[in-house]
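Everything below concerns the one structure shown next.
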Amino acid sequence: MNEGHVVGRLEEFPEGSHRVVTVGRRRIGVFNVKGTLHALPNLCPHQTGPLCEVKKVTGTTQSRVENDWAIEWAFDKEIIACPWHGIEYHVPTGRCLTFPEISIRSYEVSVDDGEVSVHF
Amino acid sequence: MDANHARLGEHLIVDASVHVQEGPLDLLPYCDEAWRPALQSIADNAKTAGIGAELWPPGLPGEATTATPEELKASVTERGVDLAVLCPTSLQKLSMVAHAEFASAVARAYNAWLTETWLRPEQGLLGCVVASAHAPADSAAQIEKYASHPGVVGVYLPGAAVDPLWGHRKYDPILRAAESAGLPVLLNSVEVMHPVFPFNTHGFDTSLARFTTSDPFSMMVNLIDMITTGVPARFPDLRVGVLGAGVTWMPFLSLRLDKVYLEKRREVPFLAERPSQYLKGYFYGSFPLEDAPNPDDFVTMVDLFEGENAMVFASGWPQDGYDSAEQILALPFSDEAKAKIVGGNALRLFNIDERGHRLSLSREAASR
């Protein structure tokens, strides 16, 4: 595991919350999705928008042949949409929904004695 | 013979849009009995014709340019064309017809007349059956009826004034039948304005204004509708062609759709890619060839939507201002691009070989 950088206490990241923290020159979004912490760069590869500074982590729509392409709600509380252009990302995987060929990096997150660290 | 005309012989030339000229009396013997009086009435007394006047306005039709398949073959050969795909003239306006049963009856009559009278696949005269938007189940049955005809290489969707647009799910039976038959759908428009279609253009005074806008607007709105209602998801193997609208609007449409898609993807989760990626997989007839004062500019416009693999030569013959393959060969495309645009791309669109044989039928025959 890469070097860890402490970004706060676990209680500062309750389930369903997200915060953007600064580590050195990096801005990193830390998300607690259903009890699991995820960390993503606060940088949308589209036009460098502040990706993680969203008001809310939401779900999104999907559509499947098995359901005759009806529009369904999916990935509830796992999706962010960049505040600049609305480009959507799946927080747990970093996968971009709008550009399927793009995934953003995820930082490893660890919790040690109540302290949350991101690693890079 | 100039250099470009001499070069026609070096290339396989497929003309994706040659218009036959169906008059009411041509279709009458092929039409359901109930609608023959309407066709006769148009022919006898066009000034007061009611039903069908959208298709054959008073004073028309004039004389057909060619009377027989042999004459037509001679005419296309003279223009250097090896394979010609026939499409309608009057029925381009089929979607404007108010009476649904009449419209379907005329489409059935046209399909019977076309296949019996004009299609000569062994001579390179191929054609598209017309699907009436009025009765999708009936149109699907027509596609199934002609699915194995060796001369039928596509399904023609009249786009002018169609309401709702061709992406509506009510038309799914037509698209499904085309996809199952291995036939592409060919969207086409014509110089028609309509109070709600596409946008206040019915007020135009001139043909200049109408022809500039009607065809590309119609094709753009129909394509947008098909993409945003999920036709590519529902019919992943359906091939789509667009005729009669030129191609220079494609860079605009691709960029604009992709731009808006970024923010609106949630509305269309059935799309796995950006809209432009689907548009690039469709085919676009060259007529009317929008040759720019600087020919390099036109080539750049085509490059912007990867049109080298998507553009198909379509003459629009015998419409006013029809184009020739020589005009495309004279443009500063690469030799490879020219060969694809004047012939190769059309083989993929229609899924035929260089002799005009339908590949899906030869596979079927081979598997029997």
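Surrounded by fewer than 18 Cβ atoms within 10 Å (Cβ to Cβ), more than 21 Å from the chain's Cα centre (by Cα) and hydrophobic (A, V, I, L, M, F, W, C): is that true of B:Leu304 in this structure? Let's see the steps before the verdict.
Numbers: surrounded by fewer than 18 Cβ atoms within 10 Å (Cβ to Cβ): yes; more than 21 Å from the chain's Cα centre (by Cα): yes; hydrophobic (A, V, I, L, M, F, W, C): yes.
Against the criterion (surrounded by fewer than 18 Cβ atoms within 10 Å (Cβ to Cβ), more than 21 Å from the chain's Cα centre (by Cα) and hydrophobic (A, V, I, L, M, F, W, C)), B:Leu304 qualifies.
Within the range B:266-290, residues that are facing chain A (nearest Cβ under 9 Å) have Cβ atoms under 7 Å from residues that are among the polar types (S, T, N, Q) and part of a helix (DSSP H, G or I) in these pairs: B:Val268/B:Thr228, counting only partners at least 6 apart in sequence or on another chain. Against the numbered list (1) modelled with pLDDT of 95 or more; (2) farther than 25 Å from B:Thr212 by Cα, B:Asp296 comes up short only at (2).
How many residues, within the range B:327-347, are within 19 Å of B:Ala84 (Cα to Cα) and in contact with a Lys or Arg (Cβ under 8 Å, 6 or more places away or on another chain)?
Narrowing the range B:327-347 to residues within 19 Å of B:Ala84 (Cα to Cα): B:327-329, B:338-347.
Among the residues that remain, those that are also in contact with a Lys or Arg (Cβ under 8 Å, 6 or more places away or on another chain) are: B:328-329.
Selection size over the range B:327-347: 2.
Residues in the range A:1-50 that are part of a loop (DSSP other than H, G, I, E, B) and farther than 26 Å from A:Pro100 by Cβ: A:Met1, A:Asn2, A:Glu3, A:Phe13, A:Pro14, A:Glu15, A:Gly16, A:Ser17, A:Gly24, A:Arg25, A:Gly35. Just to be sure I understand the filter: pairs with C-beta atoms under 6 Å, separated by 6 or more residues or on different chains, first member in the range B:341-368 and among the small types (Gly, Ala, Ser), second member modelled with pLDDT of 95 or more and assigned to a helix (DSSP H, G or I). Which pairs pass? Here the result reads B:Gly356/B:Pro121, each pair linking the range B:341-368 to a residue that is modelled with pLDDT of 95 or more and assigned to a helix (DSSP H, G or I). The condition (being modelled with pLDDT of 95 or more and in a helix (DSSP H, G or I)) is satisfied by just one residue among B:Pro251, B:Pro216: B:Pro251.
A:Val116 meets the conditions (1) in contact with a helix residue (DSSP H, G or I) (Cβ under 9 Å, 6 or more places away or on another chain); (2) surrounded by 17 or more Cβ atoms within 10 Å (Cβ to Cβ); (3) not in a strand (DSSP E or B) in every case but one. The failed one is (3). Among the residues here, A:Gly49 qualifies as in contact with a His (Cβ under 7 Å, 6 or more places away or on another chain), of a type outside the set (Asp, Glu) and within 14 Å of chain B (Cβ to nearest Cβ). Residues in the range A:71-85 that are surrounded by fewer than 16 Cβ atoms within 10 Å (Cβ to Cβ) and either acidic (Asp, Glu) or not in a strand (DSSP E or B) (or both): A:Glu72, A:Asp76, A:Pro83, A:His85.
Pick from the range B:229-248 the residues that are closer than 21 Å to B:Thr212 by Cβ and outside any loop (DSSP other than H, G, I, E, B): which of them is nearest to the other protein chains (Cβ to nearest Cβ)?
Residues of the range B:229-248 that are closer than 21 Å to B:Thr212 by Cβ, as a first pass: B:242-248.
Cutting the leftovers down to outside any loop (DSSP other than H, G, I, E, B) gives us B:242-243.
On the way: B:Val242: 23, B:Leu243: 28 Å.
Restricting to residues being closer than 21 Å to B:Thr212 by Cβ and outside any loop (DSSP other than H, G, I, E, B), the top hit is B:Val242.
The values are calculated or read from the model by the stated rules, or taken from the named source; none is laboratory data. Everything numeric here is computed off the predicted structure, so don't read it as measured data. Note: ideal-geometry Cβ built from the backbone for every residue, glycine included; neighbour counts use all protein chains shown.
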